[in-house]
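Encoded as structure tokens, here's the structure I'll be asking about.
Quick note: the coordinates plus some simple rules give every number you see, no bench work behind them. Keep in mind it's a predicted model, so treat the numbers as computed, not measured. Note that each Cβ is placed from the backbone with ideal geometry, even for glycine, and that neighbours are counted across all protein chains shown.
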Amino acid sequence: MNIKKLKEAEIKFGNPLYVYDLSIIENQFKELKNGFQNIKNFKINFAAKSLSNISILKFMKRLGTGLDTVSIEEVKIGLICGFNNEDITFTPNGVSFNEIEEAYNLKVKINLDSLESIKDFSKKFSSYPISIRVNPNILSGGNKNVSVGHDESKFGIPQDYLDEIAEMDNKKNIIIEGIHIHTGSDIVELDNFQEAFKKIFLVAKKFKNVKILNFGGGLKIPYFKGDSKTNILSLSNSIKKLINDNSFVIENNLKIILEPGKFLVGESGYFLTKVNYVKKTPNKLFIQLNSGFNHFIRPTFYDSFHEIINITNPNDKKYEYDVVGYICEQDNFALKRKISNVRKGDILCFKNAGAYCSSMSSNYNSRIKPAEVCIWENKLIKIKEREDLNNILNGQIDIF
Ligand code: LLP
């Protein structure tokens with residue numbers, strides 16, 4: 001982490017500010033690519049929802065990723081950024097059929113996750129090959145909000161319905177060309193991945209036109225010193241083993257896809273914000289920040305841990321603080337956190353703010369969203385303007 005560069009960014013662009021170091025994204029991409037180099041026909045689809053700024057998406061395209069998208073808006077932005085249709089996979093959940101039809105018209109890859117939507121699709125577009133997202137009935141992921149592969153989850157097609165879909169495929173009422181499973185985020189246990197991977201191969205055997213096996217995302221990055229992370233080599237080895245055990249993969253030259261978000265961009269991001277006050281109460285010291293869960297919701301929403309560094313005064317005596325936001329609700333960034341002596345006006349930096357931070361921000365409390373910059377070849381380049389009041393008022397209709 002380059003504190004000098006972050007300070008420079010704050011002085012130049014103000015705060016709150018998101019900063020992304022593109023060299024970290026590039027290194028993560030290379031680690032993944034190298035880890036999977038012994039797997040033929042391997043492709044990385046970046047999960048656009050984790051960080052959807054167009055300059056980041058274009059950077060991903062330069063690196064050579066495809067795109068995992070979940071809304072028609074993400075699909076359209078991907079196309080605007082120059083991704084080829086067949087490199088964009090649209091994996092919606094519970095969207096209207098109109099949206100699926102729009103994706104069909106844009107000729108992107110479609111990955112459906114309900115029997116209901118598949119039946120509708122087969123009525124109109126039976127000759128357009130699609131993938132299916134299967135619910136593997138596996139509980140995995142860092143917390144319950146990001147665990148989506150269990151049997152009570154709204155995601156994925158229950159395995160009980162697969163025979164019916166295979167029957168439709170046999171009768172050419174639908175063409176299933178891909179099998180997809182995504183069980184959650186922040187998965188570290190290899191067993192959980194392996195269990196899901198095995199299911200993908202089992203399901204694939206039911207369908208004769210399969211060309212794509214999509215293993216989803218969910219790779220864990222460390223959030224603090226000593227925190228666990230997904231072991232990329234073990235992951236690729238376990239997929240390699242399954243490929244070796246299932247000759248149809250090589251025989252039919254199947255495409256193998258991973259769709260990480262956090263792994264590629266999580267560690268590249270820094271969120272910088274100023275200390276408005278250090279508020280004392282008889283038993284606590286609150287750091288009151290020039291931000292709130294409107295800009296950075298992970299700690300409030302998931303109780304996520306993000307390392308916090310006082311970049312103005314990094315090496316002083318540490319004190320214990322509750323770090324809170326300015327939203328008129330309980331928006332805690334961190335409780336009882338030891339940070340190097342914090343004074344009014346200091347700039348704090350939240351680490352690992354690349355994934356699901358800016359992309360989950362909102363205008364709650366009528367607050368404007370931060371500017372965003374990236375560090376590329378040691379230069380600071382703005383990639384998003386700070387919003388102003390017009391962003392809040394635009395589109396509102398004054399009827400009085
Ligand atoms: N594929 C699908 C179908 C997904 O739903 C997701 C994430 C991914 C791939 C990428 O997962 P990743 O590699 O980033 O873990 N907002 C939460 C994470 C929600 C993930 C939603 N789906 C967080 O901040 O922890």
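Considering only the chain, what is the antiparallel percent among its DSSP beta bridges, to the nearest 5?
Numbers: 29 of 62 bridges.
For the chain, the DSSP antiparallel bridge percentage is about 45.
Okay, moving on. Would you grab the residues whose amide H sits under 5 Å from the one on Ile157? Only those 5+ places off in sequence or on another chain, please, with H modelled 1.01 Å from N.
Arg133, Val134, Asn135
Hey, another quick one. Restricting to Cα pairs below 8 Å that are 6+ residues apart, what does the relative contact order work out to for region 344-400? Please round to a whole percent. Walk me through the intermediate numbers first.
Working: 38 pairs, mean separation 14.0, N = 57.
This gives 25 percent for region 344-400.
Evaluate the relative contact order of the chain (contact order divided by residue number), counting alpha-carbon pairs under 8 angstrom at least 6 apart; express in whole percent. Intermediate results must be reported in sequence, preceding the final value.
On the way: 839 pairs, mean separation 75.3, N = 400.
Rounded, it is 19 percent for the chain.
Give me the Debye-computed log₁₀ of I(q)/I(0) at q = 0.12, 0.16, 0.18 Å⁻¹ for region 1-127, equal point scatterers on Cα only, no solvent, two decimals.
-0.58, -0.87, -0.99
Right, next: Are any of the pairs Lys229/Lys369; Lys4/Lys274; Lys317/Lys344; Lys40/Lys171; Lys5/Lys61; Lys49/Lys124 more than 21 Å apart by Cα-Cα distance, and if so, which? Could the numbers behind the result be given before it?
Values: Lys229/Lys369 31 Å; Lys4/Lys274 16 Å; Lys317/Lys344 16 Å; Lys40/Lys171 31 Å; Lys5/Lys61 26 Å; Lys49/Lys124 29 Å.
Among Lys229/Lys369; Lys4/Lys274; Lys317/Lys344; Lys40/Lys171; Lys5/Lys61; Lys49/Lys124, the Cα-Cα distance tops 21 Å for Lys229/Lys369; Lys40/Lys171; Lys5/Lys61; Lys49/Lys124.
So which trypsin sites (Lys or Arg not before Pro) in region 223-312 end up in coil per DSSP with only 13 or fewer other C-beta atoms within 10 Å? Before the final figure, lay out the partial values.
Numbers: sites: Lys225, Lys229, Lys240, Lys241, Lys255, Lys262, Lys274, Lys279, Lys280, Lys284; in loops: Lys225, Lys229.
Sites meeting the loop and neighbour criteria: Lys225.
Specify the angular offset, from 0 to 90 degrees and rounded to the nearest 10, of the alpha carbon long axis of helix 3-13 from the longest principal axis of the alpha carbons in the chain.
Once rounded, the angle reads 80 degrees.
Still on this structure: Check which residues have an amide H placed less than 5 Å from Phe333's amide H, if you skip close sequence neighbours.
Sorted by chain and number, the residues that satisfy this are Val323, Val324, Gly325.
Still on this structure, please answer the following. Residue by residue through region 259-267, what is 3J(HN,Hα) from phi via Karplus (6.51 cos²θ - 1.76 cosθ + 1.60, θ = phi - 60°)? Round to whole Hz and write x for glycine and proline.
Per-residue couplings from phi come out as 10, x, x, 3, 4, 7, 10, x, 7 Hz.
Can you tell me the 0 to 90 degree angle between the C-alpha axis of helix 232-245 and the longest principal axis of the chain, rounded to 10?
Roughly 0 degrees between the two axes.
Follow-up question, since we're still on this one. Can you tell me how region 266-385 classifies by the Cα gyration tensor, rounded, prolate or oblate, using a/c under 1.5 as the rounded cut? Show your work: numbers first, answer last.
Numbers: a/c = 1.79, a/b = 1.29, b/c = 1.39.
Verdict is oblate for region 266-385.
Please list, in chain and number order, the residues 5+ apart from Trp376 or on another chain whose amide H is under 5 Å from its amide H, with Hs placed from the backbone.
Here the answer is Ile381, since their amide H atoms fall under 5 Å of that of Trp376.
For region 22-265, what is the convex hull (Cα atoms) projected area averaged across all directions, in square nanometres? If you can, show how the numbers build up before the last one.
On the way: hull surface 49.2 nm².
Average of the hull's projected areas for region 22-265 equals 12.3 nm².
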